[in-house]
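For reference, the structure discussed in these notes is given below.
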Amino acid sequence: MHHHILSNRFFKEAEEYIPGGVNSPVRACKSVGCDPVFIEKGEECYLYDADGNSYVDYVCSWGPMILGHCHPHVVSAVSEALLQGTSFGAPTWREVELAKKIVDLVPSIEKVRLVNSGTEATMSAIRLARGFTKRKKILKFDGCYHGHADSFLVKAGSGVATLGIPGSPGVPEEIVANTISIPFNDPEALQGTIEKEGENIAAVIMEPVPANMGVVLPRKGYLEFVRDITSKNDILLIFDEVITGFRISLGGAQEYFDISPDLTCLGKIIGGGLPGGAYGGKAQIMEEIAPSGPVYQAGTLSGNPLATAAGIATLEILERPGTYDNLREKADYLAQGLTKLADRYEVPCVNQRIASMMTTFFGQTEPVMNFQDAMKSDTKMYGKFYRNMLDQGVWLAPSQFEAAFTSLALNWDAVDFTLEAAESAFSRLKNS
Ligand SMILES: *Cc1c(COP(=O)(O)O)cnc(C)c1O
(Lines give C-alpha, C1' and ligand atoms only; values in the text may rest on other atoms or scores of the structure.)
Protein backbone atom coordinates (compact mmCIF):
# COMPACT_ATOMS: atom_id res chain seq x y z
CA MET A 1 0.00 0.00 0.00
CA HIS A 2 1.49 3.30 -1.13
CA HIS A 3 1.49 6.37 1.06
CA HIS A 4 0.85 9.74 -0.52
CA ILE A 5 1.54 12.03 2.41
CA LEU A 6 3.50 14.66 0.49
CA SER A 7 1.32 14.38 -2.61
CA ASN A 8 -1.75 15.05 -0.49
CA ARG A 9 -0.09 18.01 1.19
CA PHE A 10 1.04 19.45 -2.16
CA PHE A 11 -2.44 19.04 -3.62
CA LYS A 12 -4.08 20.86 -0.70
CA GLU A 13 -1.76 23.77 -1.29
CA ALA A 14 -2.19 23.58 -5.06
CA GLU A 15 -5.95 23.95 -4.63
CA GLU A 16 -5.39 27.29 -2.90
CA TYR A 17 -3.55 28.77 -5.86
CA ILE A 18 -4.59 26.85 -8.98
CA PRO A 19 -8.21 26.16 -10.05
CA GLY A 20 -8.92 22.58 -9.02
CA GLY A 21 -5.26 22.28 -8.05
CA VAL A 22 -4.20 21.26 -11.56
CA ASN A 23 -3.17 22.91 -14.82
CA SER A 24 -5.13 20.48 -16.98
CA PRO A 25 -8.42 18.92 -15.80
CA VAL A 26 -7.52 15.36 -16.83
CA ARG A 27 -4.86 15.31 -14.10
CA ALA A 28 -7.36 15.79 -11.29
CA CYS A 29 -8.32 12.10 -10.96
CA LYS A 30 -11.88 13.06 -10.00
CA SER A 31 -13.49 10.37 -12.14
CA VAL A 32 -11.45 7.60 -10.51
CA GLY A 33 -12.20 8.79 -7.00
CA CYS A 34 -8.84 9.90 -5.65
CA ASP A 35 -6.52 12.90 -5.43
CA PRO A 36 -3.65 13.39 -7.87
CA VAL A 37 -0.19 12.04 -7.13
CA PHE A 38 2.65 14.54 -7.57
CA ILE A 39 5.53 13.33 -9.70
CA GLU A 40 9.10 14.11 -8.78
CA LYS A 41 10.96 12.53 -11.69
CA GLY A 42 10.84 10.02 -14.50
CA GLU A 43 13.45 7.54 -15.64
CA GLU A 44 13.02 5.18 -18.59
CA CYS A 45 9.60 3.53 -18.13
CA TYR A 46 9.27 4.52 -14.46
CA LEU A 47 7.78 7.49 -12.62
CA TYR A 48 8.75 8.42 -9.06
CA ASP A 49 6.34 10.42 -6.91
CA ALA A 50 6.98 12.99 -4.19
CA ASP A 51 6.73 10.27 -1.50
CA GLY A 52 9.29 8.04 -3.22
CA ASN A 53 6.85 5.50 -4.70
CA SER A 54 7.62 4.17 -8.16
CA TYR A 55 5.28 3.31 -11.02
CA VAL A 56 5.46 1.65 -14.43
CA ASP A 57 4.27 4.45 -16.70
CA TYR A 58 1.59 3.75 -19.34
CA VAL A 59 0.40 7.35 -19.66
CA CYS A 60 3.67 8.62 -21.12
CA SER A 61 2.55 12.21 -20.48
CA TRP A 62 -0.64 11.36 -22.46
CA GLY A 63 1.38 10.23 -25.46
CA PRO A 64 4.57 12.25 -26.00
CA MET A 65 7.06 10.12 -24.05
CA ILE A 66 7.27 7.30 -26.59
CA LEU A 67 10.98 6.84 -25.79
CA GLY A 68 10.34 6.80 -22.05
CA HIS A 69 11.74 9.44 -19.69
CA CYS A 70 15.18 11.07 -19.90
CA HIS A 71 16.27 9.27 -23.04
CA PRO A 72 20.01 10.07 -23.23
CA HIS A 73 19.83 11.22 -26.86
CA VAL A 74 17.04 13.69 -26.07
CA VAL A 75 18.72 14.87 -22.87
CA SER A 76 21.94 15.66 -24.70
CA ALA A 77 20.17 17.37 -27.63
CA VAL A 78 18.12 19.57 -25.30
CA SER A 79 21.15 20.34 -23.08
CA GLU A 80 23.14 21.45 -26.10
CA ALA A 81 20.30 23.69 -27.26
CA LEU A 82 19.80 25.08 -23.76
CA LEU A 83 23.38 26.33 -23.57
CA GLN A 84 22.97 28.18 -26.87
CA GLY A 85 19.97 30.19 -25.72
CA THR A 86 16.30 29.32 -25.39
CA SER A 87 14.46 31.71 -27.72
CA PHE A 88 15.40 34.31 -30.31
CA GLY A 89 12.26 35.19 -32.25
CA ALA A 90 14.29 34.68 -35.41
CA PRO A 91 14.65 31.61 -37.62
CA THR A 92 16.94 28.79 -36.48
CA TRP A 93 18.30 25.82 -38.44
CA ARG A 94 16.64 23.25 -36.16
CA GLU A 95 13.21 24.43 -37.39
CA VAL A 96 14.19 23.53 -40.94
CA GLU A 97 15.62 20.20 -39.81
CA LEU A 98 12.43 19.26 -37.97
CA ALA A 99 10.21 20.48 -40.83
CA LYS A 100 12.25 18.42 -43.31
CA LYS A 101 11.93 15.33 -41.15
CA ILE A 102 8.17 15.76 -40.85
CA VAL A 103 7.81 16.19 -44.61
CA ASP A 104 9.98 13.10 -45.17
CA LEU A 105 8.12 10.91 -42.70
CA VAL A 106 4.45 11.90 -42.97
CA PRO A 107 3.27 10.88 -46.45
CA SER A 108 0.70 13.64 -47.16
CA ILE A 109 2.68 16.59 -45.77
CA GLU A 110 4.48 18.74 -48.34
CA LYS A 111 4.81 21.85 -46.20
CA VAL A 112 4.49 22.27 -42.44
CA ARG A 113 4.15 25.07 -39.90
CA LEU A 114 5.45 24.53 -36.35
CA VAL A 115 3.33 25.64 -33.38
CA ASN A 116 3.38 25.05 -29.59
CA SER A 117 0.62 22.53 -28.91
CA GLY A 118 -1.94 20.22 -30.45
CA THR A 119 -4.67 22.77 -29.74
CA GLU A 120 -2.82 25.40 -31.75
CA ALA A 121 -2.36 22.93 -34.59
CA THR A 122 -6.06 22.05 -34.86
CA MET A 123 -7.40 25.58 -34.44
CA SER A 124 -4.97 26.83 -37.08
CA ALA A 125 -5.81 23.97 -39.43
CA ILE A 126 -9.53 24.76 -39.41
CA ARG A 127 -8.86 28.47 -39.91
CA LEU A 128 -6.76 27.54 -42.92
CA ALA A 129 -9.44 25.15 -44.20
CA ARG A 130 -12.08 27.88 -43.89
CA GLY A 131 -9.82 30.42 -45.58
CA PHE A 132 -8.97 28.05 -48.39
CA THR A 133 -12.49 26.78 -49.14
CA LYS A 134 -14.34 30.02 -48.21
CA ARG A 135 -16.85 27.87 -46.33
CA LYS A 136 -17.84 28.22 -42.66
CA LYS A 137 -18.74 24.88 -41.15
CA ILE A 138 -16.61 22.09 -39.84
CA LEU A 139 -17.68 18.54 -39.25
CA LYS A 140 -16.27 16.45 -36.41
CA PHE A 141 -17.15 13.17 -34.72
CA ASP A 142 -18.72 12.63 -31.29
CA GLY A 143 -16.09 11.63 -28.73
CA CYS A 144 -13.10 12.86 -30.75
CA TYR A 145 -10.96 15.44 -28.99
CA HIS A 146 -9.18 18.15 -30.94
CA GLY A 147 -7.88 20.34 -28.13
CA HIS A 148 -9.75 23.06 -26.29
CA ALA A 149 -10.43 25.70 -28.96
CA ASP A 150 -14.05 26.97 -29.02
CA SER A 151 -15.12 25.23 -32.22
CA PHE A 152 -14.23 21.77 -30.95
CA LEU A 153 -16.04 21.78 -27.61
CA VAL A 154 -19.08 19.99 -28.97
CA LYS A 155 -19.57 16.38 -27.82
CA ALA A 156 -15.81 16.21 -27.29
CA GLY A 157 -13.75 13.36 -25.86
CA SER A 158 -10.90 13.27 -23.31
CA GLY A 159 -11.44 15.41 -20.18
CA VAL A 160 -14.66 16.84 -21.60
CA ALA A 161 -16.11 13.31 -21.74
CA THR A 162 -14.54 12.23 -18.44
CA LEU A 163 -16.18 15.11 -16.58
CA GLY A 164 -19.46 14.65 -18.46
CA ILE A 165 -19.49 18.23 -19.84
CA PRO A 166 -21.72 18.49 -22.94
CA GLY A 167 -19.97 21.59 -24.25
CA SER A 168 -18.57 24.51 -22.32
CA PRO A 169 -19.90 27.79 -20.96
CA GLY A 170 -17.95 30.63 -22.52
CA VAL A 171 -18.29 29.26 -26.01
CA PRO A 172 -20.84 31.41 -27.90
CA GLU A 173 -23.67 29.55 -29.62
CA GLU A 174 -22.86 31.42 -32.82
CA ILE A 175 -19.48 29.70 -32.87
CA VAL A 176 -20.63 26.15 -32.23
CA ALA A 177 -23.47 26.70 -34.72
CA ASN A 178 -20.71 26.21 -37.29
CA THR A 179 -19.64 22.88 -35.84
CA ILE A 180 -21.47 19.69 -36.78
CA SER A 181 -20.78 16.58 -34.70
CA ILE A 182 -21.92 13.13 -35.83
CA PRO A 183 -21.25 9.52 -34.73
CA PHE A 184 -17.95 7.90 -35.74
CA ASN A 185 -17.93 4.71 -37.85
CA ASP A 186 -21.32 5.54 -39.36
CA PRO A 187 -21.07 6.11 -43.15
CA GLU A 188 -24.81 6.87 -43.51
CA ALA A 189 -24.67 9.66 -40.94
CA LEU A 190 -21.77 11.26 -42.83
CA GLN A 191 -23.41 10.83 -46.21
CA GLY A 192 -26.71 12.30 -44.98
CA THR A 193 -25.01 15.32 -43.42
CA ILE A 194 -22.94 16.02 -46.51
CA GLU A 195 -25.97 15.71 -48.79
CA LYS A 196 -27.74 18.34 -46.68
CA GLU A 197 -24.89 20.66 -45.71
CA GLY A 198 -21.92 19.74 -47.90
CA GLU A 199 -21.69 23.10 -49.69
CA ASN A 200 -21.14 24.85 -46.38
CA ILE A 201 -18.60 22.43 -44.93
CA ALA A 202 -14.97 23.56 -45.11
CA ALA A 203 -13.47 20.47 -43.51
CA VAL A 204 -14.08 17.13 -41.90
CA ILE A 205 -11.68 16.79 -38.97
CA MET A 206 -11.11 13.41 -37.35
CA GLU A 207 -8.81 11.35 -35.23
CA PRO A 208 -8.29 8.56 -37.82
CA VAL A 209 -8.13 6.17 -34.87
CA PRO A 210 -9.97 7.91 -32.03
CA ALA A 211 -8.07 7.59 -28.76
CA ASN A 212 -9.83 10.22 -26.66
CA MET A 213 -12.99 8.19 -26.04
CA GLY A 214 -10.69 5.26 -25.36
CA VAL A 215 -9.18 3.53 -28.40
CA VAL A 216 -11.83 2.94 -31.08
CA LEU A 217 -10.86 1.29 -34.37
CA PRO A 218 -12.27 2.51 -37.68
CA ARG A 219 -14.47 -0.10 -39.39
CA LYS A 220 -12.94 -1.68 -42.48
CA GLY A 221 -13.38 0.72 -45.40
CA TYR A 222 -14.61 3.61 -43.24
CA LEU A 223 -11.57 5.88 -43.63
CA GLU A 224 -11.60 5.21 -47.41
CA PHE A 225 -15.27 6.20 -47.45
CA VAL A 226 -14.56 9.45 -45.57
CA ARG A 227 -11.70 10.29 -47.94
CA ASP A 228 -13.82 9.58 -50.99
CA ILE A 229 -16.92 11.52 -50.01
CA THR A 230 -14.93 14.58 -48.86
CA SER A 231 -12.96 14.68 -52.12
CA LYS A 232 -16.12 14.46 -54.19
CA ASN A 233 -17.65 17.38 -52.29
CA ASP A 234 -14.57 19.65 -52.23
CA ILE A 235 -14.38 19.32 -48.46
CA LEU A 236 -10.90 19.20 -46.94
CA LEU A 237 -10.09 16.15 -44.87
CA ILE A 238 -8.04 16.93 -41.76
CA PHE A 239 -6.44 14.06 -39.88
CA ASP A 240 -5.81 15.05 -36.28
CA GLU A 241 -2.79 12.82 -35.70
CA VAL A 242 -1.74 14.52 -32.47
CA ILE A 243 -1.81 11.06 -30.83
CA THR A 244 -1.50 8.66 -33.79
CA GLY A 245 1.33 10.57 -35.51
CA PHE A 246 4.67 8.74 -35.03
CA ARG A 247 2.72 6.42 -32.69
CA ILE A 248 0.94 3.74 -34.70
CA SER A 249 3.66 3.90 -37.35
CA LEU A 250 6.45 6.31 -38.26
CA GLY A 251 4.15 7.94 -40.83
CA GLY A 252 1.12 7.86 -38.52
CA ALA A 253 -2.36 6.55 -39.26
CA GLN A 254 -2.24 7.88 -42.83
CA GLU A 255 0.68 5.57 -43.56
CA TYR A 256 -0.81 2.67 -41.58
CA PHE A 257 -4.12 2.83 -43.48
CA ASP A 258 -2.72 4.33 -46.69
CA ILE A 259 -5.11 7.30 -46.78
CA SER A 260 -3.99 10.76 -47.82
CA PRO A 261 -5.66 13.62 -45.92
CA ASP A 262 -5.41 17.23 -47.15
CA LEU A 263 -4.12 18.52 -43.82
CA THR A 264 -2.57 16.83 -40.80
CA CYS A 265 -2.26 18.04 -37.20
CA LEU A 266 0.64 16.87 -35.05
CA GLY A 267 1.58 17.36 -31.40
CA LYS A 268 2.58 15.26 -28.41
CA ILE A 269 5.45 13.05 -29.77
CA ILE A 270 6.69 15.82 -32.07
CA GLY A 271 7.59 17.93 -29.04
CA GLY A 272 9.61 15.10 -27.48
CA GLY A 273 8.21 16.08 -24.07
CA LEU A 274 8.49 19.83 -24.62
CA PRO A 275 5.64 22.04 -25.87
CA GLY A 276 5.43 21.43 -29.60
CA GLY A 277 2.92 20.93 -32.37
CA ALA A 278 2.63 21.27 -36.12
CA TYR A 279 0.16 21.32 -38.96
CA GLY A 280 0.93 20.58 -42.56
CA GLY A 281 -0.36 19.26 -45.83
CA LYS A 282 -0.56 19.96 -49.52
CA ALA A 283 1.74 22.83 -50.52
CA GLN A 284 -1.05 24.57 -52.43
CA ILE A 285 -3.15 24.80 -49.26
CA MET A 286 -0.28 25.56 -46.88
CA GLU A 287 0.84 28.49 -49.08
CA GLU A 288 -2.35 30.30 -48.02
CA ILE A 289 -0.82 30.87 -44.57
CA ALA A 290 0.82 34.22 -43.75
CA PRO A 291 3.27 35.49 -44.83
CA SER A 292 2.98 33.62 -48.16
CA GLY A 293 -0.83 33.93 -48.09
CA PRO A 294 -3.57 35.84 -46.28
CA VAL A 295 -4.61 33.35 -43.53
CA TYR A 296 -3.05 34.66 -40.33
CA GLN A 297 -1.30 32.46 -37.78
CA ALA A 298 1.74 33.29 -35.64
CA GLY A 299 3.61 32.42 -32.43
CA THR A 300 6.31 34.05 -30.28
CA LEU A 301 7.74 30.69 -29.23
CA SER A 302 6.85 28.64 -32.34
CA GLY A 303 9.72 26.43 -33.46
CA ASN A 304 11.39 26.99 -30.10
CA PRO A 305 15.03 25.79 -29.92
CA LEU A 306 14.48 23.39 -27.00
CA ALA A 307 11.26 21.94 -28.42
CA THR A 308 12.73 21.42 -31.88
CA ALA A 309 15.86 19.83 -30.40
CA ALA A 310 13.71 17.40 -28.40
CA GLY A 311 11.47 16.70 -31.40
CA ILE A 312 14.35 16.00 -33.79
CA ALA A 313 16.14 13.78 -31.27
CA THR A 314 12.93 11.82 -30.61
CA LEU A 315 12.30 11.25 -34.32
CA GLU A 316 15.93 10.16 -34.83
CA ILE A 317 15.45 7.37 -32.31
CA LEU A 318 12.06 6.39 -33.73
CA GLU A 319 13.57 6.12 -37.23
CA ARG A 320 15.86 3.28 -36.14
CA PRO A 321 14.87 -0.12 -37.55
CA GLY A 322 12.73 -2.33 -35.31
CA THR A 323 11.20 0.50 -33.25
CA TYR A 324 7.59 -0.16 -34.12
CA ASP A 325 7.92 -3.95 -33.80
CA ASN A 326 9.39 -3.45 -30.34
CA LEU A 327 6.52 -1.16 -29.28
CA ARG A 328 3.89 -3.49 -30.74
CA GLU A 329 5.26 -6.73 -29.30
CA LYS A 330 5.01 -5.42 -25.75
CA ALA A 331 1.53 -4.04 -26.38
CA ASP A 332 0.45 -7.37 -27.91
CA TYR A 333 1.68 -9.31 -24.91
CA LEU A 334 -0.01 -6.94 -22.49
CA ALA A 335 -3.32 -6.94 -24.35
CA GLN A 336 -3.37 -10.74 -24.55
CA GLY A 337 -2.41 -11.05 -20.90
CA LEU A 338 -5.12 -8.63 -19.78
CA THR A 339 -7.76 -10.36 -21.88
CA LYS A 340 -6.83 -13.77 -20.45
CA LEU A 341 -6.92 -12.47 -16.88
CA ALA A 342 -10.28 -10.78 -17.41
CA ASP A 343 -11.66 -14.11 -18.69
CA ARG A 344 -10.18 -16.06 -15.79
CA TYR A 345 -11.67 -13.72 -13.20
CA GLU A 346 -14.90 -13.21 -15.16
CA VAL A 347 -14.57 -9.45 -15.30
CA PRO A 348 -16.59 -8.13 -18.24
CA CYS A 349 -14.31 -5.95 -20.35
CA VAL A 350 -13.08 -5.50 -23.90
CA ASN A 351 -9.49 -4.62 -24.76
CA GLN A 352 -9.11 -2.58 -27.97
CA ARG A 353 -5.65 -2.05 -29.38
CA ILE A 354 -3.75 -0.85 -32.39
CA ALA A 355 0.06 -0.88 -32.48
CA SER A 356 1.28 0.53 -29.15
CA MET A 357 -1.95 2.03 -27.83
CA MET A 358 -4.88 0.34 -26.14
CA THR A 359 -7.92 0.79 -23.92
CA THR A 360 -9.62 -1.79 -21.73
CA PHE A 361 -13.30 -0.83 -21.61
CA PHE A 362 -14.85 -2.16 -18.40
CA GLY A 363 -18.41 -3.45 -18.30
CA GLN A 364 -18.40 -4.11 -22.06
CA THR A 365 -18.85 -7.41 -23.85
CA GLU A 366 -18.94 -6.20 -27.49
CA PRO A 367 -16.46 -4.08 -29.44
CA VAL A 368 -16.81 -0.35 -28.77
CA MET A 369 -17.40 1.34 -32.14
CA ASN A 370 -18.31 4.91 -31.20
CA PHE A 371 -18.85 7.42 -28.40
CA GLN A 372 -22.30 6.13 -27.54
CA ASP A 373 -20.90 2.63 -27.02
CA ALA A 374 -17.96 3.98 -25.00
CA MET A 375 -20.32 5.86 -22.69
CA LYS A 376 -21.89 2.55 -21.62
CA SER A 377 -18.63 1.54 -19.94
CA ASP A 378 -18.61 0.85 -16.22
CA THR A 379 -16.55 3.83 -15.01
CA LYS A 380 -16.97 2.82 -11.36
CA MET A 381 -15.35 -0.52 -12.12
CA TYR A 382 -12.59 1.26 -14.01
CA GLY A 383 -12.04 3.52 -11.00
CA LYS A 384 -11.58 0.50 -8.71
CA PHE A 385 -9.18 -1.10 -11.17
CA TYR A 386 -7.28 2.17 -11.54
CA ARG A 387 -6.86 2.72 -7.78
CA ASN A 388 -5.76 -0.86 -7.24
CA MET A 389 -3.18 -0.68 -10.02
CA LEU A 390 -1.90 2.68 -8.74
CA ASP A 391 -1.48 1.18 -5.29
CA GLN A 392 0.61 -1.61 -6.74
CA GLY A 393 2.80 0.71 -8.78
CA VAL A 394 1.21 0.85 -12.23
CA TRP A 395 0.46 4.29 -13.65
CA LEU A 396 -2.65 4.29 -15.87
CA ALA A 397 -4.73 7.18 -17.18
CA PRO A 398 -7.14 8.40 -14.48
CA SER A 399 -10.08 7.97 -16.85
CA GLN A 400 -11.83 5.14 -18.68
CA PHE A 401 -11.87 7.21 -21.87
CA GLU A 402 -8.15 7.40 -22.57
CA ALA A 403 -5.43 5.22 -24.04
CA ALA A 404 -2.57 3.31 -22.44
CA PHE A 405 0.73 3.53 -24.34
CA THR A 406 3.80 1.34 -24.44
CA SER A 407 7.16 3.13 -24.73
CA LEU A 408 10.49 2.00 -26.13
CA ALA A 409 11.86 2.16 -22.58
CA LEU A 410 9.29 -0.33 -21.26
CA ASN A 411 11.15 -3.53 -20.30
CA TRP A 412 9.80 -7.08 -20.08
CA ASP A 413 10.17 -7.23 -16.29
CA ALA A 414 7.95 -4.17 -16.03
CA VAL A 415 5.42 -5.77 -18.39
CA ASP A 416 5.30 -8.94 -16.27
CA PHE A 417 5.08 -6.86 -13.11
CA THR A 418 2.08 -5.08 -14.68
CA LEU A 419 0.29 -8.34 -15.47
CA GLU A 420 0.85 -9.63 -11.92
CA ALA A 421 -0.65 -6.42 -10.57
CA ALA A 422 -3.54 -6.77 -13.01
CA GLU A 423 -4.19 -10.33 -11.81
CA SER A 424 -4.55 -9.09 -8.27
CA ALA A 425 -6.77 -6.18 -9.40
CA PHE A 426 -9.04 -8.44 -11.47
CA SER A 427 -9.36 -10.98 -8.67
CA ARG A 428 -10.48 -8.21 -6.34
CA LEU A 429 -13.01 -6.92 -8.87
CA LYS A 430 -14.45 -10.43 -9.09
CA ASN A 431 -14.80 -10.64 -5.34
CA SER A 432 -16.13 -7.14 -4.74
C1 LIG B 1 -3.97 15.95 -26.97
C2 LIG B 1 -4.74 16.15 -28.23
C3 LIG B 1 -4.96 17.43 -28.76
C4 LIG B 1 -4.58 18.69 -28.03
O5 LIG B 1 -3.21 18.83 -27.85
P6 LIG B 1 -2.67 19.78 -26.68
O7 LIG B 1 -1.19 19.76 -26.89
O8 LIG B 1 -3.13 19.20 -25.40
O9 LIG B 1 -3.25 21.13 -26.93
C10 LIG B 1 -5.58 17.53 -29.99
N11 LIG B 1 -5.97 16.44 -30.66
C12 LIG B 1 -5.78 15.19 -30.19
C13 LIG B 1 -6.20 14.01 -31.00
C14 LIG B 1 -5.18 15.01 -28.94
O15 LIG B 1 -5.04 13.79 -28.45
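The values are calculated or read from the model by the stated rules, or taken from the named source; none is laboratory data. Owing to the predicted nature of the structure, the values given are computational and were not obtained by experimental measurement. Here the Cβ is made from the backbone with ideal geometry for all residues, glycine too, and neighbour counts use every protein chain on show. The area values use the complete protein model at the heavy-atom level, side chains included, leaving out ligands, DNA and RNA. Shrake-Rupley method; radii C 1.70, N 1.55, O 1.52, S 1.80 Å.
Some observations on this one:
- For the chain, a simple Cβ point-charge model (Lys and Arg +1, Asp and Glu -1, everything else neutral) yields a dipole of about 520 debye relative to the Cα centre.
- Centroid-to-centroid separation of the range 291-315 and the range 117-150 [C-alpha atoms, Å]: 19
- In the context of the full set of protein chains, residues of the range 72-318 present 40 Å² of accessible surface per residue (probe radius 1.4 Å, heavy atoms only).
- The rule of thumb for compact globular proteins, 2.2 N^0.38 Å, goes into the C-alpha radius of gyration of the range 72-318 0.99 times.
- Summed residue charge, Cβ within 13 Å of THR379's Cβ, Lys/Arg positive, Asp/Glu negative: +3
- In the full protein context, the range 319-432 carries 44 Å² of accessible surface per residue, based on a 1.4 Å probe and ignoring ligands, DNA and RNA.
- Cα-based shape type of the range 52-121, given that a ≥ b ≥ c are square roots of the gyration tensor eigenvalues and the cut on a/c is 1.5: oblate
- For LYS380 and THR300, a Förster radius of 45 Å and the Cβ-Cβ distance give a FRET efficiency of 0.50, rounded to the nearest 0.05.
- Most mobile of THR308, THR300, THR244 in a GNM of the chain (Cα contacts under 10 Å): THR300
- Dividing the convex hull volume of the alpha carbon atoms of the chain by its residue count gives 140 Å³ per residue.
- Ranked order, MET286, MET65 - accessible area, probe 1.4 Å, largest first: MET65, MET286
- Options VAL75, ALA129, PHE11, ranked by Cα towards positive dipole end of the range 1-141, top entry (Cβ charges): ALA129
- Cα Rg, Dmax, the range 84-218, angstrom units: 16.9, 55
- Note on THR365 and TYR333: the extension gain reaches 9.5 nm, defined as 0.36 nm multiplied by sequence separation minus the Cα-Cα distance.
- Rounded to the nearest 10 square angstrom, SER292 shows an accessible area of 80 square angstrom against a 1.4 Å probe.
- Within the accessible area of the range 72-318 (1.4 Å probe), percent carbon and sulfur: 55
- A straight line joining the Cα centroids of the range 248-262 and the range 168-239 runs 17 Å.
- Computed over the range 138-273: relative contact order in percent, which uses C-alpha pairs under 8 Å that are six or more apart: 22
- Between the range 385-426 and the range 17-61, the alpha-carbon center distance in angstrom: 14
- Cα-Cα pairs of the range 163-237 separated by more than 14 Å (percent): 66
- Heavy-atom accessible surface of VAL75, to the nearest 10 Å², is about 70 Å², with a 1.4 Å probe and all protein chains retained.
- The GNM of the chain, with springs linking C-alpha atoms under 10 angstrom apart, assigns the highest mean-square fluctuation among LEU250, LEU318, LEU83 to LEU83.
- Each of the GluC sites (Glu not before Pro) that DSSP puts in a loop and that has at most 16 other Cβ atoms within 10 Å breaks the chain; the longest unbroken stretch is 111-286.
- Zone residues, the range 29-70, relative to LYS12, backbone N less than 15 Å from point 7 Å out along Cα-to-Cβ: 35-36
- For the residues TYR386, TYR145, TYR17, a GNM of the chain with alpha-carbon springs under 10 Å puts the largest fluctuation on TYR17.
- Expected 222 nm ellipticity per residue - DSSP helices of 4 or more, -39500 (n - 2.57), all of the chain, to 500: -11500 deg cm²/dmol
- Out-of-range pairs (alpha-carbon distance over 26 Å; input LYS12/LYS376; LYS232/LYS268; LYS100/LYS232; LYS111/LYS268; LYS111/LYS232): LYS12/LYS376; LYS232/LYS268; LYS100/LYS232
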